[in-house]
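Novice: Take this structure first; my questions come after.
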Amino acid sequence: MLEMGKALGLADSVLFARPSVARVDSANGEAEVTWDIDVTSFATHDRVARYVTMFSGSAKDRIQLRLQRGKKYEPMIREKFRAAGIPEDLYYLALVESGYDPHAYSRAAAVGMWQFMSSTARGVGLRVDWWVDERRDPAKSTDAAARFLNILHNQFGSYYLAAAAYNGGPGRVSRGLARFQDELEESVGDARFFALAEQSYLRAETRNYVPQLIAAALIGKAPSRYGMVVSDSVPRFGYDSVQVPELVSLGAVARASGSTVEEVRDANPHLLRGATPPKSNGWVRVPTGRASGFDSAFLAIPDSERVGFTRVKSGKGQTLKTIAKAHGVDARRLSWYNAGVSATKKLATGREVLVPSRDVLAGSRDVPDPSIEIYGSSSRGGGRTVHTVRRGESLGSIARRYRVSVASLTRANGLKRTVVYPGQTIIVRGGSTSRRATSKPAAKKAPVSAAKKKIAAR
């Protein structure tokens with residue numbers, strides 16, 4: 001029997017107020033739309049106009065669906081962006097990234113509403129491991145997106161260049177700005193993105209990313225003008241939180257809060273395994289208004305039902321598969337809770353195996369390994385070597401690996417600072433940011449959301 005911790009507690013309720021996104025012009029009674037990013041200056045740009053036409057035409061149903069889905073999260077995102085000191089209308093980045101889907105999963109293994117790779121997510125403070133993936137948590141991933149956008153804005157001085165770097169990698173944008181500095185000399189602020197996009201240096205997806213953001217903002221603030229019906233009368237994102245011991249099933253939390261397992265599971269998209277993670281007390285979310293009386297109701301549940309697991313010792317010749325069969329559990333799902341253990345190889349006698357309860361399995365998610373990242377570490381071609389930054393690496397460690405100087409790396413990549421990020425590509429040898437260079441840097445294998453692929457013209 002697992003020992004239950006003693007610490008239980010109730011956190012403050014979290015509910016976000018609806019934003020006011022337009023004001024009424026008394027002269028004609030129509031809503032006057034404003035933005036806190038520069039939409040007006042670029043609304044008639046060819047790329048933007050093309051996406052406005054697409055989003056209100058062939059992609060109209062998909063965009064309307066995404067705008068409607070986003071209404072649940074809009075108050076939360078705007079409030080967090082406002083607190084972080086970045087424009088609230090960057091809210092529309094999530095429409096382009098994922099369609100506001102907390103479980104979006106790209107072909108590059110980017111996850112969540114804000115489409116973070118696992119290394120980048122950890123670099124901006126998110127927990128990503130076998131038990132918890134905060135990329136799927138709408139609130140915490142939004143905090144992380146705000147932090148990352150702030151970093152990128154500080155680096156590039158423009159939110160549109162920051163958005164391009166969010167999509168295509170800061171290294172790629174830095175090299176482009178250095179390589180085409182003469183062509184960009186007369187451009188300032190956000191116009192520098194469009195000037196850089198004209199050089200055919202950025203990947204097509206990144207060139208189209210900011211125009212999609214602007215088109216989404218144009219339509220999102222006034223959907224009725226584009227023939228869309230988007231209701232504001234939707235449940236807002238919010239929750240209460242309760243504290244429970246380690247390895248407690250979401251089913252037990254559901255019973256103690258008067259909720260269904262599905263409601264608790266939906267409130268905790270970041271909890272992957274249907275239970276609180278091991279080795280610590282944890283906060284679990286419940287639907288708003290369901291935390292009252294939780295502590296007493298939770299303690300009234302028998303230990304055998306509160307605890308989400310049974311620890312068993314393997315017998316002679318047993319495998320994970322035979323133990324799974326003996327306990328009526330699918331062998332593959334049993335392996336989720338016993339990392340590194342083969343399902344078919346014989347276990348050492350007396351090996352401890354964690355067997356999940358049905359409540360745990362009912363609240364679990366069948367998702368790919370959160371540690372997966374689909375990009376290589378280095379590549380060669382065209383007389384140059386390109387390195388993709390991994391978690392924990394610095395410009396100094398990359399320089400030592402390739403026996404070059406930090407100064408040569410900053411010069412070759414047009415970097416103003418020595419800070420690098422996981423997933424960023426760095427030219428190591430044979431490269432130059434000069435326009436006269438005979439070959440271009442290798443394209444960054446950046447996260448590409450499946451949702452974005454559906455709406456981006458190719």
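Novice: Quick one: is residue 344 part of a loop (DSSP other than H, G, I, E, B) and either at pLDDT below 95 or within 20 Å of residue 261 (Cβ to Cβ) (or both)?
Specialist: So residue 344 passes the test.
Novice: For segment 243-285, which positions are surrounded by fewer than 24 Cβ atoms within 10 Å (Cβ to Cβ), farther than 18 Å from residue 101 by Cβ and touching a residue at least 60 places away in the same chain (Cβ under 8 Å)?
Specialist: The answer is 243, 245, 246, 261, 277, 278, 281, 283.
Novice: For residues in segment 294-340 being of a type in the set (A, V, I, L, M) and at pLDDT below 90, which is surrounded by the most Cβ atoms within 10 Å (Cβ to Cβ)?
Specialist: This residue is 307.
Novice: Assuming residue 126 fulfils every condition listed in (1) under 29 Å from residue 191 (Cα atoms); (2) without any contact (Cβ under 8 Å) to a residue 24 or more places away in the chain; (3) crowded, with 21+ Cβ neighbours inside 10 Å apart from one, which condition is it?
Specialist: For residue 126, the exception is condition (1).
Novice: Of all the residues that make up segment 80-100, how many are outside any helix (DSSP H, G or I) and either in contact with a Leu (Cβ under 7 Å, 6 or more places away or on another chain) or under 19 Å from residue 151 (Cα atoms) (or both)?
Specialist: Of the residues in segment 80-100, 3 are outside any helix (DSSP H, G or I) and either in contact with a Leu (Cβ under 7 Å, 6 or more places away or on another chain) or under 19 Å from residue 151 (Cα atoms) (or both).
Novice: Follow-up question, since we're still on this one. All but one of (1) crowded, with 20+ Cβ neighbours inside 10 Å; (2) at pLDDT 95 or above hold for residue 106; state the number of the condition that does not hold.
Specialist: With respect to (1) crowded, with 20+ Cβ neighbours inside 10 Å; (2) at pLDDT 95 or above, residue 106 is out only on (2).
Novice: Determine, yes or no, whether residue 182 is of a type in the set (D, E, K, R) and out of contact with any Phe, Trp or Tyr (no Cβ under 7 Å at 6 or more places or on another chain).
Specialist: In short, yes.
Novice: Spot the failing condition for residue 203; the list is (1) surrounded by fewer than 22 Cβ atoms within 10 Å (Cβ to Cβ); (2) at positive phi; (3) not aliphatic (A, V, I, L, M), and only one is missed.
Specialist: Single failed check for residue 203: (2).
Novice: Residue 415: closer than 30 Å to residue 105 by Cα, modelled with pLDDT of 50 or more and not assigned by TED's automatic domain parsing to the domain that holds residue 278, yes or no?
Specialist: Values: closer than 30 Å to residue 105 by Cα: no; modelled with pLDDT of 50 or more: yes; not assigned by TED's automatic domain parsing to the domain that holds residue 278: yes.
Judged against the criteria, residue 415 is not a match.
Novice: Starting from segment 141-168, keep only residues that are over 24 Å from residue 102 (Cα atoms) and free of Cβ contacts under 8 Å to residues at least 40 places away in the same chain, then list their pairs with residues that are surrounded by fewer than 21 Cβ atoms within 10 Å (Cβ to Cβ) and β-branched (Val, Ile, Thr) whose Cβ atoms are within a distance under 9 Å, requiring at least 6 positions of separation or different chains.
Specialist: 158/188
The values are calculated or read from the model by the stated rules, or taken from the named source; none is laboratory data. Values in this document were obtained by computation on a predicted structure and should not be read as measured data. A quick note on method: Cβ atoms are made from the backbone with ideal geometry, for glycine too, and the neighbour counts reach across all protein chains shown.
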